[in-house]
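> What follows is a structure written as structure tokens; I'll ask about it next.
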Amino acid sequence: TQDQYLHAAPELEARGIRGTYIIITGPREEGVWTDGTLDRQLFSWDQVRDLHARGHEIASHTATHVDLKAHPQQAEAEIAMAYENLSRELPRASHFSLGWPYWRSSPTASDQARRFHYAARAGGIQGISGSPGLGGPNGMAPVDYMMIGSRAILSTDNLARLAPLFEEVHGNGGWFVPSFHGINDGLIPSMALGWEALDLETFRELLDGLASYGFWFAPFGEVARYAMQRDTLELQIWQSKEGLRIHYSGRLDPAIFNHTLTLVIELPKGYLLQSVLDEESGKLLSFHVDGLSFSSTKSYLVELSPGNGTLLLQVNRQTL
């Protein structure tokens with residue numbers, strides 16, 4: 001809806017945050033979507049392209065927002081048509097994630113979605129700890145990338161109500177996906193508002209509250225691709241005459257899964273990492289120490305380029 005374009009995007013960008021706009025594609029030309037008994041004003045394809053050019057992710061919300069758990073027989077047409085629309089209107093985007101209408105799906109719909117999408121948002125409004133399917137935080141790696149949990153943000157929500165979820169993610173690691181449907185500044189026409197529109201000041205308060213935890217903010221699809229790429233990376237480690245070698249290889253399409261990953265190298269106390277050579281390019285890679293020097297191990301962080309490669313590590317024993 002128009003409020004998400006007019007109000008959400010500027011607030012996100014003012015904080016250096018890129019969001020994910022999950023859009024219904026079918027009524028986009030007409031500019032109005034009938035949501036039950038309400039007509040809602042949508043932002044245009046030109047505005048969709050503008051958001052994409054500004055760094056936000058554009059994802060599918062199917063063609064007409066049919067409940068695909070209740071009507072799985074419509075899944076193929078709804079998902080395929082929306083994908084076709086997005087591909088036509090955003091030719092520079094090579095892949096799209098999906099947001100299930102009403103956060104729910106069916107085995108039939110999920111099978112169809114896998115033909116076009118690598119990840120899909122599900123979830124709910126309860127925000128129960130340990131239950132991503134009911135809106136709780138996800139773990140470090142979702143169990144099912146076609147059913148990644150998200151928490152619908154309601155008009156009655158505020159920072160105090162959501163703080164326990166923020167604390168859970170901050171303390172245990174994982175992934176929290178807040179889903180905002182509308183932002184109300186008190187002036188915008190009601191037709192331009194999304195479902196359960198949050199007032200603008202509370203929206204700002206939530207964004208600032210999230211930022212105070214030091215979370216990594218990224219669009220939904222970007223985080224999904226990063227996690228999938230990370231969890232499928234294969235490592236081979238062996239000692240050679242020249243030093244310790246690590247070969248890494250990805251099993252996913254590098255055209256889509258193209259993030260730089262961070263390799264954590266743990267050495268026993270008393271050993272120092274001297275150098276890391278990328279054997280393919282012949283370049284020395286930078287690295288830095290992570291962790292406290294008095295711990296039993298010392299961790300070094302090295303960035304890995306997407307795809308495959310071999311690193312040559314020089315490790316020396318520290319002398320007193």
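> Could you give every pair whose Cβ atoms fall below 6 Å, whose first residue belongs to the stretch 95-111 and is at positive phi, and whose second residue is part of a loop (DSSP other than H, G, I, E, B) and not β-branched (Val, Ile, Thr), counting only separations of at least 6 or pairs across chains?
Qualifying pairs under 6 Å: 102/67; 103/122; 103/123.
One line per residue, one yes/no per condition, for (1) without any contact (Cβ under 8 Å) to a residue 12 or more places away in the chain; (2) part of a strand (DSSP E or B); (3) β-branched (Val, Ile, Thr):
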| residue | (1), (2), (3) |
| --- | --- |
| 51 | no, no, no |
| 55 | no, no, no |
| 59 | no, yes, no |
| 65 | no, no, no |
| 84 | yes, no, no |
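> Can you confirm whether the stretch 27-34 contains a residue that is under 20 Å from residue 179 (Cα atoms) and among the charged types (D, E, K, R)?
no
> In the stretch 17-40, which residues are within 17 Å of residue 218 (Cβ to Cβ) and either in contact (Cβ under 8 Å) with a residue 60 or more places away in the chain or part of a helix (DSSP H, G or I) (or both)?
Correct list: 17, 18, 19, 20, 22.
> Of all residues in the stretch 28-48, which are at negative phi and surrounded by fewer than 16 Cβ atoms within 10 Å (Cβ to Cβ)?
29, 30, 32, 34, 35, 37, 38, 39, 44, 46
> Oh, and also: List, please: which pairs have Cβ atoms under 9 Å, are six or more places apart or on different chains, and start with a residue in the stretch 284-308 that is closer than 19 Å to residue 258 by Cα and end with one that is of a type in the set (D, E, K, R) and at pLDDT 90 or above?
285/278; 285/303; 305/278; 305/280; 308/280
> Ok, one more. Give the residue, chosen from 163, 227, that is buried (at least 20 other Cβ atoms within 10 Å of the Cβ), in contact (Cβ under 8 Å) with a residue 40 or more places away in the chain and either in a helix (DSSP H, G or I) or polar (S, T, N, Q) (or both).
Testing whether each residue is buried (at least 20 other Cβ atoms within 10 Å of the Cβ), in contact (Cβ under 8 Å) with a residue 40 or more places away in the chain and either in a helix (DSSP H, G or I) or polar (S, T, N, Q) (or both) leaves just 227.
> I need the full set of residues from the stretch 96-145 which are under 23 Å from residue 170 (Cβ atoms), part of a strand (DSSP E or B) and either at pLDDT 95 or above or in contact with a Leu (Cβ under 9 Å, 6 or more places away or on another chain) (or both), in order please.
Selection gives 121, 124.
> Looking at the stretch 176-206 only, could you name the residues that are assigned to a helix (DSSP H, G or I), hydrophobic (A, V, I, L, M, F, W, C) and either touching a helix residue (DSSP H, G or I) at 6+ places or on another chain (Cβ under 7 Å) or at pLDDT below 95 (or both)?
192, 200, 203, 206
The values are calculated or read from the model by the stated rules, or taken from the named source; none is laboratory data. Keep in mind that what you see is a predicted model, and the values were worked out from it rather than measured. Glycine gets a Cβ as well: all are built from the backbone with ideal geometry, and neighbour counts include every protein chain shown.
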